[in-house]
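The values are calculated or read from the model by the stated rules, or taken from the named source; none is laboratory data. None of the values given here were measured: they were computed from a predicted structure. A quick note on method: Cβ atoms are made from the backbone with ideal geometry, for glycine too, and the neighbour counts reach across all protein chains shown. For the accessible areas, the whole protein counts, side chains as well, though only heavy atoms, and no ligand, DNA or RNA atoms are used. Shrake-Rupley method; radii C 1.70, N 1.55, O 1.52, S 1.80 Å.
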Amino acid sequence: MKWNRILALLLCAAIMLSVLASCGIHPPVDPTEGTEPTEAPGNGYPSAEKWVAFEIPFESEMLYVDPVYNYDMDVVFTHTDSGKTFTQPAFWCGGNQWKVRVALTELGEWTYETKCTDAANAGLHGLTGRINCVPYSGDLEIYKRGFLKVEKGTRYFMYEDGTPFFYLGDTHWTLPIEELNGIGGISQELADEYGITSQFHYIMDVRMAQGFTVMQTQPLGWYTGASGNSWFGDAGGSVFDYGINDMIVEKFNLYDRYFAYIAEKGFVNANAQFAYPEELIETYLSGRISAQQLEKLCRYWVARYSAYPVMWTTAQEGDNDYYSYGGCTPANNPWLLVMEYVSKYDVYDHPTTCHQENTGNTVVNNSTFGERKEHEWYAAQYTINPANGNLPPFGVLKEYYFDKAAKPTVNYEGRYDHFWTGTFGARAQGWVAFLNGNCGYGYGIQPIWSIVWAEYGDKTPTSDEVETYPRDYNWVEGLYSEAGQQLIYMKKFLLGYDWHDLVPCFDGNEYYRPGTSKNYSVAHIDDEVYIAYLYGTDQSGYGSFANMKNGMYALTWFNCRTGESTAEEIVVENSGFAIPNKPDANDWAVAVQYKG
């Protein structure tokens, strides 16, 4: 009797699976794991964790010619209790294979239905299924708290739950030529010493262990610079010339592995779309790609990557006109269309910007993109070199901070460590950014920020008044360079305060009185917290904090090179405090916090 019952149950299960398959119900797949989601308790539907990308595969009955330009497939997801619904575009991934990649944002049961512009294709149109969204089970903040967002009038990024997000980026302009299955040009002896089998994975693992939060990436399509490197295309053109053909889709399938691992480690991927700016400018302005075709490509990009934790940066130095390259102007800049189209299909409203030209050409007041409704933050490009006695660019920093839109600003590209500056300059850029109204800093170290320039660029050592630094580092030396770790010290220090509430004093205001030395970077939170970054060799003349409460404050000296700190108590009696001499002639941060 017992065995008859078991056989009957197995037969019923087989019949049910057959029925589900005939109805076109497909289980989703987590691309970072390569396995199907676990069965949800209680209802038998496949489950997916909240905010974590998963995939549902589909098999077309037709092999289409140029499917990306000629056919659309969408999947409509609906929450069975709340009624929330959204439409995620699916994407072609070669042959007759299609996928939808999605992240569910609300716990509970979801249904889905597919829609294809070829309604006769029963492999892509009219399929239905159910997914159960369960709580995230890991420890990564981006999935515990939700994707990033920007709230109007707030100068920092936050997770979906409202928690401020500390943006500390590592720059990878040539990401797809960081080797997935190779050691990246170093000796086997060095690779064995560090246990390196994959250049890309090793870099990601180290940066996550250190505490970086953002990867600033760019695919660099056809680019005729230092090495003429090409990833999406070859000498015959780029993705804009080819569309998404068999060769290009295989490149996308490879690029998925980078995106998936960046997401798996918990980074936000601040990625530029498609290619180096000049390639689209040449192709679009010459009429080789239409606006309609460009929209299809943008839709495809969103379909593949919007289910990951990302920020859209549109194009490298595309705001305002990529230095007028090829006749590009603020009026005809095709990257405006890319921003519009990407935002159109992005159901998650990921923070969107366009990487700006250097501040000698573009800031806030002449930004082509800043007034666009899709534009939510500034990816600024300004440089400082305090080692040579140069003051921070207070005029530029004020313009970003006092912009009427009060958007988040990131020093997205400064002077690269061991390329145009050294360890001191690289860490100083971070301090200057956060104490002058920015909410983030994009660090970059030779040769990780651009493998191309590391291999083909000028390797002559460069120096400033403080240090001399080589430009022939291998990527392991770059990864473990001092400034990368020193920026983590900075992050930990600032997280000890409500860093997102810091108000910059710039070159002096009612809360900071500059002294006889330089104007330093100083910020405050009302009359309760004051932080100053003191660079240079001057041992006095730093100025004073002002408009303070009378009473007890905790004073902390922070060594920006070692991460060590010392603390003492001080008493403020006349609403001000003269900043005392630094412990030595190196750069230090000093903070005072009201205790009562």
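The set of residues in region 187-205 that are open to solvent by less than 20 Å² (accessible area, probe 1.4 Å) and in contact (Cβ under 8 Å) with a residue 40 or more places away in the chain comprises 196, 199, 200, 203, 204.
Just to verify a result, which residue in region 153-186, among those that are among the polar types (S, T, N, Q) and within 19 Å of the chain's Cα centre (by Cα), is most open to solvent (accessible area, probe 1.4 Å)? Before the answer, list the steps.
First, pick out the residues of region 153-186 that are among the polar types (S, T, N, Q): 154, 163, 171, 174, 181.
With the extra rule that they be within 19 Å of the chain's Cα centre (by Cα), the set shrinks to 154, 163, 171, 174.
Numbers: 154: 26, 163: 42, 171: 1, 174: 2 Å².
Top of the filtered list is 163.
Yes or no, residue by residue, for (1) part of a strand (DSSP E or B); (2) over 22 Å from residue 284 (Cβ atoms); (3) β-branched (Val, Ile, Thr); (4) in contact with a Cys (Cβ under 8 Å, 6 or more places away or on another chain):
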site: 326; (1), (2), (3), (4): no, no, no, no
site: 330; (1), (2), (3), (4): no, no, no, no
site: 338; (1), (2), (3), (4): no, no, yes, yes
site: 341; (1), (2), (3), (4): no, no, no, yes
site: 344; (1), (2), (3), (4): no, no, no, yes
site: 372; (1), (2), (3), (4): no, no, no, no
site: 384; (1), (2), (3), (4): no, yes, yes, no
site: 392; (1), (2), (3), (4): no, yes, no, no
site: 398; (1), (2), (3), (4): no, yes, no, no
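Residues that are under 30 Å from residue 446 (Cα atoms), open to solvent by less than 50 Å² (accessible area, probe 1.4 Å) and of a type in the set (Phe, Trp, Tyr) within region 477-505 comprise 493, 499, listed in sequence order.
Each row is one residue, and each column tells you yes or no for (1) touching a residue at least 60 places away in the same chain (Cβ under 8 Å); (2) within 16 Å of residue 536 (Cβ to Cβ).
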| residue | (1), (2) |
| --- | --- |
| 391 | yes, yes |
| 404 | no, no |
| 409 | yes, no |
| 434 | yes, no |
| 439 | yes, no |
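Would you mind stating whether residue 268 is hydrophobic (A, V, I, L, M, F, W, C), within 30 Å of residue 402 (Cβ to Cβ), open to solvent by less than 10 Å² (accessible area, probe 1.4 Å) and under 19 Å from the mean Cα position of the chain (by Cα)? For residue 268, the condition - hydrophobic (A, V, I, L, M, F, W, C), within 30 Å of residue 402 (Cβ to Cβ), open to solvent by less than 10 Å² (accessible area, probe 1.4 Å) and under 19 Å from the mean Cα position of the chain (by Cα) - is met.
Every residue, every condition in (1) in a loop (DSSP other than H, G, I, E, B); (2) under 24 Å from residue 69 (Cα atoms); (3) open to solvent by 40 Å² or more (accessible area, probe 1.4 Å), yes or no:
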| site | (1), (2), (3) |
| --- | --- |
| 81 | yes, no, yes |
| 87 | no, yes, yes |
| 94 | yes, yes, no |
| 99 | no, yes, yes |
| 106 | yes, no, yes |
| 110 | no, no, no |
| 113 | no, yes, yes |
| 118 | yes, yes, no |
| 121 | yes, yes, no |
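Residue 334: within 24 Å of residue 368 (Cβ to Cβ), free of Cβ contacts under 8 Å to residues at least 40 places away in the same chain and either open to solvent by 40 Å² or more (accessible area, probe 1.4 Å) or in contact with a Ser or Thr (Cβ under 9 Å, 6 or more places away or on another chain) (or both), yes or no? Spell out the reasoning first.
Working: within 24 Å of residue 368 (Cβ to Cβ): yes; free of Cβ contacts under 8 Å to residues at least 40 places away in the same chain: no; either open to solvent by 40 Å² or more (accessible area, probe 1.4 Å) or in contact with a Ser or Thr (Cβ under 9 Å, 6 or more places away or on another chain) (or both): yes.
So residue 334 does not fit the description; no.
Of the set (1) at pLDDT below 95; (2) surrounded by fewer than 18 Cβ atoms within 10 Å (Cβ to Cβ), all apply to residue 37 but (2). For region 424-433, enumerate the residues that are open to solvent by 10 Å² or more (accessible area, probe 1.4 Å) and in contact with a strand residue (DSSP E or B) (Cβ under 9 Å, 6 or more places away or on another chain). The one that is open to solvent by 10 Å² or more (accessible area, probe 1.4 Å) and in contact with a strand residue (DSSP E or B) (Cβ under 9 Å, 6 or more places away or on another chain): 427. Checking the stated criteria, residue 378 turns out to be modelled with pLDDT of 95 or more, open to solvent by less than 10 Å² (accessible area, probe 1.4 Å) and not basic (Lys, Arg).
Determine, yes or no, whether residue 366 is open to solvent by 30 Å² or more (accessible area, probe 1.4 Å), touching a residue at least 40 places away in the same chain (Cβ under 8 Å), assigned to a loop (DSSP other than H, G, I, E, B) and more than 30 Å from residue 473 (Cβ to Cβ). Considered against the rule, which asks whether it is open to solvent by 30 Å² or more (accessible area, probe 1.4 Å), touching a residue at least 40 places away in the same chain (Cβ under 8 Å), assigned to a loop (DSSP other than H, G, I, E, B) and more than 30 Å from residue 473 (Cβ to Cβ), residue 366 comes out as yes.
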